[in-house]
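Read through the structure below, which is laid out as structure tokens, and then see the notes.
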Amino acid sequence: MEKRFYPRVASHFSAVVENRDGAHIKVLAVDASSEGLCVQCNTFDRNLITPGGSFVRDGKPVELFVWLELPFAEGGAEKISARCHVAFSRRISNNQCKIGMRYMEIDKKEHDKLIKYIETAMASNDKFANGLNDH
């Protein structure tokens, strides 16, 4: 059962995560919503992002800084950044993991870019789905 209150767009785009130690880790964002995102990475990078795969440190969720490069269908990309906390960390295969994050701080202008990206992607998905139904 879907527990989300906000639309989520399944899309692959570049993201960079900065961990507590200041290391920048390039990951693949696999979905985004107005409230958070999910990234996919290998287990080595997961351990840099969430030490040992644990997304809780000192009794609180691990906090990160994330830069996203949102691809728009008309070409080009919009870069946004946000401070996040980790909501989950899950292994999906022997060497691959997904890490879910929720935005804690995001600039209003950048959040507006994110909403535009989500709305554009959803409209594009609707057009594609409706096109499939026409045949």
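Bear in mind that the values in this text are calculations on the coordinates, not laboratory data. Owing to the predicted nature of the structure, the values given are computational and were not obtained by experimental measurement. Cβ atoms come from the backbone with ideal geometry, glycine included; neighbour counts cover every protein chain shown.
Normalising by the residue count of the chain, find the relative contact order in percent from Cα pairs under 8 Å and 6+ residues apart.
23 percent
Per residue, how big is the convex hull around the C-alpha atoms of the range 8-106? Give it to me in cubic angstrom, could you?
About 95 Å³ per residue, rounded to a whole number.
Of the residues G53, G75, G22, which exhibits the maximal mean-square fluctuation in a Gaussian network model of the chain defined by a 10 Å Cα contact cut-off?
Looking only at G53, G75, G22, the biggest GNM fluctuation is shown by G75.
Going by how many other Cβ atoms sit within 10 Å of their own, how do K108, K113, K79 line up, fewest first?
Ordered by Cβ neighbours within 10 Å, fewest first: K108, K79, K113.
For the chain, set up a GNM with springs between Cα atoms under 10 Å and report which of A29, A77, A15 has the largest fluctuation.
Between A29, A77, A15, it is A77 that shows the largest mean-square fluctuation.
Give K26/K113; K60/K113; K60/K109 a once-over and call out the pairs whose C-alpha atoms are over 26 Å from each other.
The answer is K60/K113; K60/K109.
Could you compute the FRET efficiency for E63 and K116, with r as their C-beta to C-beta distance and R0 at 35 Å, rounded to 0.05?
0.85
Take the chain, mark every one of the chymotrypsin sites (Phe, Trp or Tyr not before Pro) that falls in a DSSP loop and has at most 15 other Cβ within 10 Å, then report the longest stretch left between them, sites excluded.
Looking at the chain, 6-71 is the longest stretch - no exposed chymotrypsin sites (Phe, Trp or Tyr not before Pro) with at most 15 other Cβ atoms within 10 Å.
I'd like the orientation of helix 108-133 relative to the chain: the angle between its Cα long axis and the longest Cα principal axis, in ° from 0 to 90, rounded to 10.
50 degrees
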